[in-house]
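The next block holds one structure in the form of structure tokens; read it before the comments.
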Amino acid sequence: MKLITAIIKPFKLDEVREALSTIGVQGITVTEVKGFGRQKGHTELYRGAEYVVDFLPKVKLEAAVSEDLVERVIEAIEASARTGKIGDGKIFVFDLEQVVRIRTGETGQDAL
Amino acid sequence: MKRTFSTLLLAAVLGLGAWLPAAAQDKAPATLSTTVATTASGTPLVMAQADDAKSAEAKPTAAPDSATVKAEAAPDAPAADAAAAPPVPNKGDTAWMIVATVLVILMTIPGLALFYGGLVRAKNMLSILMQTMMIFAVVTVLWVIYGYPLAFGGDGMFYGTLDKLFLKGITPDSVAATFSKGVYIPELIFVAFQCTFAAITPILIIGAFAERIKFSAALLFCVLWFTFSYLPIAHMVWYWAGPDAITDAATLEAVTANAGYLWAKGALDFAGGTVVHINAGVAGLVGAFMLGKRLGYGREAMAPHSLAFTMIGASLLWVGWFGFNVGSNLEANGVAALAFVNTFVATAAATVAWSFAEWMSKGKPSMLGAASGAVAGLVAITPACGFVGPMGAIVIGLLAGVVCLWGVNGLKRLLGADDSLDVFGVHGLGGILGALLTGVFASPSLGGTGVFNYVTNAVSPDYVILDQVWIQAQAVGTTIIWSGVVSVIAYKLVDVVVGLRVSEDEEREGLDISSHGESAYHS
């Protein structure tokens with residue numbers, strides 16, 4: 001089992017969710033986050049005060065998937081979240097030791 | 001310390017409350033005679049803000065107005081009795097003044113509160129709203145206790161008298177003079193209208209020390225400043241006995257001798273350029289210096305948390321300002337219409353000027369710039385609105401937009417004070433500009449109304465722009481020095497008694513939680 005975490009542009013969230021549903025991902029968790037990477041921030045000007053905003057709003061999504069789905073999930077996110085411009089985000093893949101479905105007590109593959 | 005202060009305050013208020021009815025009863029009979037004596041003695045009871053000039057415009061309509069008053073009175077009594085009957089205010093004027101008063105309340109709460117509130121960080125939103133509401137309420141109570149008497153309740157150079165303490169002797173039948181002979185409004189609505197001015201002015205100041213002042217310090221300072229700066233300046237600029245007594249050079253001299261110091265000099269301030277805006281702007285600047293900068297000023301981002309609120313606030317200010325400026329005419333007549341149009345177009349011109357100047361110099365026209373430009377225009381046209389023509393108003397507005405944009409940029413850096421919400425850059429500077437330009441554009445040669453002469457009952461034929469600008473400059477200088485000195489002393493005093501600033505931890509946490517125990521927003 002793998003945990004796939006992706007940082008994407010906020011307006012791409014719907015497309016990514018659709019792409020993941022299509023290939024059979026059962027659920028994802030989404031968080032609004034801020035961060036910086038190679039994409040530069042922007043400058044805001046309020047009367048005489050100028051502020052450089054380094055942290056840009058992004059969306060972080062997490063999906064726990066079985067080994068056989070990993071490659072397709074990565075491809076689906078890549079394809080649906082890409083704009084080709086700087087700031088499209090990144091995908092991280094982690095090993096996942098255990099999963100428990102709280103309602104039934106199922107564990108491992110069954111709980112995905 | 002905090003607790004001690006509030007306890008003292010409460011005790012003081014309660015004590016005053018207990019003493020008030022007794023005192024009012026004691027002297028009630030005496031005051032009654034003074035008030036009603038208005039017509040008998042030939043001296044109008046109350047004054048109103050204005051100078052000879054102001055009534056210039058008032059005059060054309062004065063004839064029809066007084067005719068109406070007499071027509072209403074006539075059916076009730078034979079002609080012989082009519083002369084002795086107490087003056088009857090015109091219902092149209094009265095209705096307008098009630099509406100104007102409500103409009104000024106609207107521009108204060110919520111107008112000014114939202115304009116300022118949107119400009120601070122989310123953690124300080126409620127502190128601004130709370131300071132606005134509380135200062136408004138405290139000053140309103142103080143106004144009817146001793147504010148109105150000291151500002152408008154009698155002759156004197158710098159202060160009125162305490163004859164009308166607790167509004168003694170003011171009844172529904174009492175009338176206040178306007179700028180037209182024989183035209184009056186109920187004194188009680190004049191009290192209320194002027195109360196809104198007294199209440200909004202200290203609230204303008206809080207923008208300068210926002211996000212770091214103790215709540216008790218803000219209240220205490222505003223009470224001191226209201227008492228020792230607002231009341232005397234209002235009296236100096238606006239107090240006179242009214243036009244009725246003026247029939248020849250000698251009576252004019254008598255009325256002038258008893259009027260406020262700056263009114264007697266001939267300073268023109270239709271709705272409060274000196275009394276409200278320069279007065280508050282200077283107090284704000286002094287406060288910004290004396291409290292010091294906010295933690296992290298210049299290093300951390302202190303961006304406004306909601307420019308949407310700021311836009312709503314600025315728009316409510318614009319709407320409410322029609323009550324402020326047009327109501328200052330005290331009559332619903334042609335000059336009122338002039339003040340209305342001027343308030344309208346000068347503000348529009350300033351909005352355009354600020355936005356385009358910002359667009360050209362900074363690359364983008366901002367919503368905050370447009371809102372700030374509108375307020376700058378409103379400030380600058382305030383002293384001029386009943387004296388200048390609409391084209392003069394446009395010039396004043398355009399200049400205000402550009403000058404105040406500089407006020408919040410170049411001048412602010414030059415001064416080096418952390419005037420959080422630019423009270424001096426907009427209100428101080430805009431007020432000074434407007435006060436001086438009033439002297440220029442009031443000239444009949446530039447489309448203004450000129451100065452009205454109550455002896456000849458016509459506009460004075462000789463208007464010298466430079467002379468008037470010099471008089472205006474003296475009024476500006478007097479206000480700056482007076483407010484500056486009172487502010488320094490008042491801040492010092494407050495610092496000794498309760499302390500000016502919250503602790504560093506409290507400031508970091510935000511005043512909403514640390515001073516008021518609540519949050520504006522919950523996610």
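The values are calculated or read from the model by the stated rules, or taken from the named source; none is laboratory data. The shown structure was predicted, so the numbers you read here are calculated from the model rather than taken from an experiment. Every residue, glycine as well, gets a Cβ built from its backbone with ideal geometry; the counts of neighbours run over all protein chains shown.
See the values below:
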read-out: Hey, B:Ser523 in contact (Cβ under 8 Å) with a residue 12 or more places away in the chain and more than 30 Å from B:Lys181 (Cβ to Cβ) or not; value: no
read-out: Selected residue [within 14 Å of chain A (Cβ to nearest Cβ), crowded, with 19+ Cβ neighbours inside 10 Å and within 17 Å of B:Ile203 (Cα to Cα)] from B:Ala288, B:Ala280; value: B:Ala288
read-out: Qualifying residue in region B:360-368 (condition: crowded, with 24+ Cβ neighbours inside 10 Å, assigned to a helix (DSSP H, G or I) and either charged (D, E, K, R) or within 14 Å of chain A (Cβ to nearest Cβ) (or both)); value: no
read-out: Flag if A:Glu78 is within 14 Å of chain B (Cβ to nearest Cβ) and either under 12 Å from the mean Cα position of the chain (by Cα) or over 30 Å from B:Met367 (Cβ atoms) (or both); value: no
read-out: Some residue of region B:112-131 being over 30 Å from B:Ala370 (Cβ atoms), among the basic types (Lys, Arg) and over 16 Å from the mean Cα position of the chain (by Cα); value: no
read-out: Residue in region A:67-87 that is in contact with a helix residue (DSSP H, G or I) (Cβ under 7 Å, 6 or more places away or on another chain) and not in a helix (DSSP H, G or I) present; value: no
read-out: Residue that is at pLDDT below 95 and part of a strand (DSSP E or B), where the choices are A:Val59, A:Val33, A:Val52; value: A:Val52
read-out: Qualifying residue in region B:283-302 (condition: in a helix (DSSP H, G or I) and closer than 30 Å to B:Phe190 by Cα); value: yes
read-out: Residues satisfying the stated conditions in region B:377-413, i.e. more than 14 Å from chain A (Cβ to nearest Cβ) and in a loop (DSSP other than H, G, I, E, B); value: B:Thr382, B:Pro383, B:Ala384, B:Cys385, B:Gly386, B:Phe387, B:Val388, B:Gly389
